[in-house]
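Bear in mind these aren't lab numbers, they're just calculated from the coordinates by the rules spelled out. None of the values given here were measured: they were computed from a predicted structure. Note that we place each Cβ from the backbone using ideal geometry, even for glycine, and neighbour counts take in every protein chain shown.
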Amino acid sequence: MSGDGHEETLAADRRVLVIAAVATVAFVAIGAVSASVFATSACDVLDPQPRDAAVLADDADDAGVDLVDDLAVFRHVWGARETVVEMADVTGLATGGEAIVVRGATTAVVDDAGVRAVAFGDTSAVVGSGDTVFALALTNVVSGQVDALRALPTTLTPLACVDTAVVGSPLAFHLDARDGELLLARIEEDAAEPMLELRAAAGVVWEAPITVPMAPPGVLAERLSAFIGDDLVVVARRSAPGEASPALAAFDRLTGSERWTVDVAAVGIDDTQRIDVRALDGGLVVLDVRADTDGRAPATLIALDASDGQLVWRHVVEGDLQDVHVTGEGVVFAVSRDDALDIVTVDASGDMRTDVRVPGASTAVFRADGATWIAATDRGLLAADGTLTTTRHALLDVAITPARAAVAVETDRGPVVAVYRRS
């Protein structure tokens with residue numbers, strides 16, 4: 001071989017070695033990046049960040065004169081105002097013992113220790129009520145898919161994060177949360193062996209299988225509705241023509257054992273109607289049944305006996321159904337129609353009557369107030385006896401404990417939550 005040929009061969013070998021080295025470095029870099037991506041947990045979204053809740057001055061002058069007047073009227077209802085908290089994106093109020101919990105982009109607690117607040121990542125949501133609420137890392141708001149969760153006591157010191165999206169585990173979907181517990185649907189990617197999972201602060205309370213048709217997990221979860229009651233957990237789903245699997249199932253809240261199931265024909269529900277569980281109390285399960293999924297169709301309220309799932313009564317609701325609440329006197333619901341808000345009661349015998357009409361109102365959220373109820377409306381605070389404490393600003397929510405009461409008020413600058421010491 002000539003000298004020139006030998007040099008060309010060596011040069012070619014060097015080029016191969018360089019290319020191999022570059023490729024190796026590239027593959028290592030790609031692997032490192034991929035590993036870091038897969039190692040990044042949704043728990044990072046739930047890294048708690050303490051916040052200073054924006055507490056307005058006691059006279060709340062900077063919130064505007066109208067708001068000051070609105071907040072003043074509640075002193076006559078409950079007593080002295082304890083604090084006023086200004087927060088962005090308030091999603092609701094809850095109670096935990098004697099504490100008031102304000103859920104939103106920032107979650108705040110007001111109790112005897114004062115006001116404290118914590119925030120999580122942009123894709124998080126805080127749900128539930130009671131001594132423990134739950135911070136969720138939501139990847140899909142429509143289906144409720146949860147990639148991680150943290151129990152959050154009212155001390156606002158989160159417990160350990162649970163990564164529900166680890167490889168090989170079923171997908172998790174949020175169904176309901178209240179009274180210190182969280183209900184999830186756990187569904188494999190191939191939709192095999194779907195389960196209910198009830199969790200408390202300490203971890204999983206129980207798991208129970210549910211019967212659903214074959215469909216992508218997100219579709220199945222979006223069609224499920226559930227409610228955690230005192231003694232039962234009830235799950236409902238939209239059915240399809242010819243299905244033999246039950247549309248409703250009740251489980252013991254303590255053990256997860258199945259109590260009863262009901263198919264759609266037994267309660268007069270047509271195929272493909274959507275079923276939402278709206279209330280579970282007083283020995284009744286109250287369902288909101290309608291023909292479409294966007295809420296425009298008239299609702300049919302159906303009450304079932306909570307002991308066996310048998311039909312008690314059914315009524316077609318004309319208008320825009322707002323909220324449903326169960327009291328000792330029966331089922332109370334709010335419906336917006338004819339430029340007014342009607343408060344309607346269905347008594348134990350199934351008879352329906354309109355108790356209160358609030359002209360100009362269109363929204364309502366019920367909350368328990370002892371053995372009776374109170375409602376936040378866009379015209380003010382409505383009591384069960386029909387008394388309306390009128391406000392200039394719409395009320396978004398209300399929360400009541402034996403020691404405190406709170407209202408969330410919509411203002412031009414965002415929600416304001418006023419908390420009062422009950423006298």
message = Distance between the C-alpha centers of the stretch 403-423 and the stretch 173-226? Whole Å please.
response = 34 Å
task = Would you kindly derive the ³J(HN,Hα) couplings of the stretch 89-103 from the backbone phi angles with the Karplus curve 6.51 cos²θ - 1.76 cosθ + 1.60 (θ = phi - 60°), listing them in order in whole Hz, with x for Gly and Pro?
result = 6, 5, 9, x, 10, 8, 10, x, x, 8, 8, 9, 10, 9, 8
query = Which of 143, 336 comes first, and how do the rest follow, when ranked by fewest Cβ neighbours within 10 Å?
reply = 336, 143
remark   = For residue 340, other-chain or 5+-apart residues with amide H closer than 5 Å (H placed, Pro excluded) are 360
Net charge of neighbours whose Cβ lies under 15 Å from the Cβ of residue 218, counting Lys and Arg as +1 and Asp and Glu as -1 = -1
request  = Convert each backbone phi in the stretch 142-149 into a coupling constant with the Karplus relation 6.51 cos²θ - 1.76 cosθ + 1.60 (shift: θ = phi - 60°), then list the ³J(HN,Hα) values in order as whole Hz, x for Gly and Pro.
outcome  = 5, 7, x, 5, 10, 9, 6, 8
ask   = Once both labels are modelled 7 Å past Cα along the beta-carbon direction, what's the residue 352-residue 207 spacing in nm?
value = 4.2 nm
key: Amide N proximity, the stretch 136-161 versus residue 112 label position 7 Å along Cα-to-Cβ, cut-off under 20 Å   = 153-157
key: Whole-Hz couplings from phi, Karplus 6.51/-1.76/1.60, listed for the stretch 214-219; x for Gly and Pro   = 6, 6, x, x, x, 5
ask   = Between residue 95 and residues 5 or more places away or on another chain, which pairs have amide H atoms under 5 Å apart, with H built 1.01 Å from N, and which residues are they?
value = 101, 130
ask   = residue 260's amide H: which non-local residues (gap 5+, or another chain) put their own amide H closer than 5 Å, with H modeled 1.01 Å from N in plane and none for Pro or chain starts?
value = 250
request  = Over the stretch 145-251, calculate the relative contact order: mean separation of alpha carbon pairs under 8 Å at least 6 apart, over the residue count, as a percent.
outcome  = 17 percent
